[in-house]
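S.K.: Have a look at this one before I ask anything.
Since every read-out is calculated from the coordinates, none of them should be taken as a lab result. What you are looking at is a predicted structure, and each value in this text was computed from that prediction instead of being measured. No Cβ is skipped: glycine too gets one built from the backbone with ideal geometry, and neighbour counts run over all protein chains shown.
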Amino acid sequence: MEKVITVQTESSRYPVFVGNNSLCKINEILHSINPTTICIVTDETVKALHLNTVLDVLSDKFSYHIFTTPIGEKAKSFDVYQQLVDFAATKGLDRKSIFIALGGGAIGDLTGFAAATYMRGVEFIQVPTTILAHDSSVGGKTGINLQTGKNLIGAFHHPAAVIYHLPFLNTLPDNEKRSGFAEIIKESMIHPQSFLNELMNQFQTVSDLHGEEFFKPLIQGLETKKIYVEQDEKEMGVRAYLNLGHTLGHAIEANVGYGKITHGEAVFIGLIFALKLSEKVFLKDLQISNFINWAKKLEYTTYLPQDLSFTKLLNTMKRDKKTVSGQIRFVLLNGYGKPVLKEISDDTILATLKEWKNEIAEEGSFI
């Protein structure tokens, strides 16, 4: 199983290799770039699991240095960013050097931002090792977090290539599989030909989230990303649709604490909230109860974490990048496959959160 997807924007063109033998493409890409040296950026977990696999494939022609970050969102901080670029400078990386991001979405975001800013911009390659990173590895968004919000510091900087080696996914724990699958679910809802029903029919339990079963959904998710990135490279319009579920999701992450809930888990909760808002705004039946029942089979959390203040969530959402002049804009669905960006009043947001809390309480769960 091998597939090549080409992403073409106004400023960049690059291949996305997906398959069981995609890692073999790394030398081909590096030979075409001919870097003076390589900085491989990875975290402690991925380093132990997959670094030797990459080094075994890497041609002896290339010299390299390895920078290891903390695990997860802790990598996306100013401190780690400064350590990385200082490391690069100390090791003598120049403008013809290249970074390789080996890891999940946090590693890709950090490495991409370092590549965008080191010596005013050098090239980098994305080598995702998680399902979640299929979304962040394509499109050129890079960034780090502030305490006040996620990805508030960043730059658009496309990779030279994305190498998606599927065997890396075999080591993921169930919670990371669910986290990544949440982004595919999001993409299934916004693709012009929604493939949500296809996912709901194919995946019924956590044990279904494994191996080669992911090949087709990953391709569908990547092609969804390609559709919107190619239309709107700098997110001035329709690319914002890719943020379905993220407005509340990012607020949950910021208020719970980065790393205490996975990005996908937070986004999934945000998806449910976006569906509830969509039904209210567009008076459409999106069959949310069926969706939630399916989600429970996959062991997703379908309600807000306990003790989160609605007011604090609202204030965090006001710092979302889609917010303009204090008006929070959500990606909603006027039907599956029909995303819309719409301003939602504070009163409507708070009322819908409270209604959701009451629904959960009546079911015997608690927010």
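S.K.: Please compute the length gained on full extension between ASN293 and ARG319, using 0.36 nm multiplied by the number of residues separating them and subtracting their Cα-Cα distance.
M.R.: Values: separation 26, 0.36 × 26 = 9.36 nm, distance 3.20 nm.
Working it through step by step, the gained length comes to 6.2 nm.
S.K.: Separate question: Give a residue-ordered list of calculated ³J(HN,Hα) values for the range 49-64 (Karplus: 6.51 cos²θ - 1.76 cosθ + 1.60, θ = phi - 60°; whole Hz; x for Gly, Pro).
M.R.: For the range 49-64, the Karplus curve yields 7, 10, 4, 4, 4, 5, 5, 5, 7, 4, 5, 5, 5, 9, 8, 8 Hz.
S.K.: If amide hydrogens are placed 1.01 Å from N in the peptide plane, which non-local residues have theirs closer than 5 Å to the one on ILE100?
M.R.: The list, which skips near neighbours in sequence, is CYS39, ILE40, VAL41, ILE125.
S.K.: How much length is gained if the chain between LEU350 and ASP285 is pulled fully straight, taking 0.36 nm per residue apart and subtracting their Cα-Cα distance, in nm to one decimal?
M.R.: 21.3 nm
S.K.: So which trypsin sites (Lys or Arg not before Pro) in the range 61-111 pass both tests, a DSSP loop state and at most 10 other Cβ atoms within 10 Å of the Cβ?
M.R.: Taking the range 61-111 and a limit of 10 other Cβ atoms within 10 Å, the loop trypsin sites (Lys or Arg not before Pro) found are LYS61.
S.K.: Quick check on the exposure proxy: order HIS246, HIS210, HIS165, HIS50 from fewest to most C-beta atoms within 10 angstrom.
M.R.: Listed from fewest to most nearby Cβ atoms, that is HIS210, HIS50, HIS165, HIS246.
S.K.: Follow-up. Could you tell me what percent of the DSSP beta bridges with both partners in the chain are antiparallel, to the nearest 5?
M.R.: Around 45 percent antiparallel, to the nearest 5.
S.K.: Quick one: 3J(HN,Hα) in Hz for the range 239-254, Karplus 6.51/-1.76/1.60 with θ = phi - 60°, rounded, Gly and Pro as x.
M.R.: For the range 239-254, the Karplus curve yields 4, 4, 4, 5, 8, 3, x, 7, 4, 6, x, 5, 5, 4, 4, 5 Hz.
S.K.: Another question, then. In degrees between 0 and 90, to the nearest 10, how far off the longest principal axis of the chain does helix 288-297 point, with axes built from Cα atoms?
M.R.: Helix 288-297 sits roughly 50 degrees off the main axis of the chain.
S.K.: Next question, about the same structure. What FRET efficiency, computed as 1/(1 + (r/R0)^6) with R0 = 22 Å and r the Cβ-Cβ distance, is obtained for ASN334 and MET236, rounded to the nearest 0.05?
M.R.: That pair, ASN334 with MET236, gives E of 0.60.
S.K.: Let me ask another. Hey, can you grab everything whose amide H is under 5 Å from the amide H of ASN145? Only 5+ residues off in sequence or another chain; H modelled, so Pro and N-termini drop out.
M.R.: HN-HN under 5 Å from ASN145: SER77, ASN151.
S.K.: Assuming 1.306 mPa s and 10 °C, estimate D for the range 185-363 with Stokes-Einstein, Rh taken as the Kirkwood radius over Cα pairs, in µm²/s.
M.R.: 94 µm²/s
S.K.: In degrees between 0 and 90, to the nearest 10, how far off the longest principal axis of the chain does helix 263-282 point, with axes built from Cα atoms?
M.R.: 40 degrees
S.K.: May I pose another question? Which three lengths, in whole Å and largest first, does the chain cover when its Cα atoms are put on their principal axes?
M.R.: Cα extents, longest axis first: 63, 41, 37 Å.
S.K.: Quick check: Cα centre of the range 291-367 to Cα centre of the range 50-100, how many Å?
M.R.: 37 Å
S.K.: In nm, what is the difference between 0.36 nm times the number of residues separating SER32 and ASN358 and their Cα-Cα distance?
M.R.: Full extension of this stretch gives 111.5 nm more.
S.K.: Return the calculated 222 nm mean residue ellipticity for the chain, to the nearest 500 deg cm²/dmol, obtained by summing -39500 (n - 2.57) across DSSP H runs with n ≥ 4 and dividing by the residue count.
M.R.: Mean residue ellipticity at 222 nm (helix-derived): -13500 deg cm²/dmol.
S.K.: In whole Hz and in residue order, list the ³J(HN,Hα) couplings for the range 122-134 that follow from phi through the Karplus curve 6.51 cos²θ - 1.76 cosθ + 1.60, θ = phi - 60°; x for Gly and Pro.
M.R.: Each residue's phi maps through the Karplus curve to give 10, 7, 8, 10, 9, 10, x, 10, 10, 5, 4, 6, 4 Hz.
S.K.: Relative contact order for the range 2-171: what percent, with Cα pairs under 8 Å and sequence separation of 6 or more? It would help to have the intermediate numbers written out before the result.
M.R.: On the way: 350 pairs, mean separation 44.2, N = 170.
So the answer I get is 26 percent.
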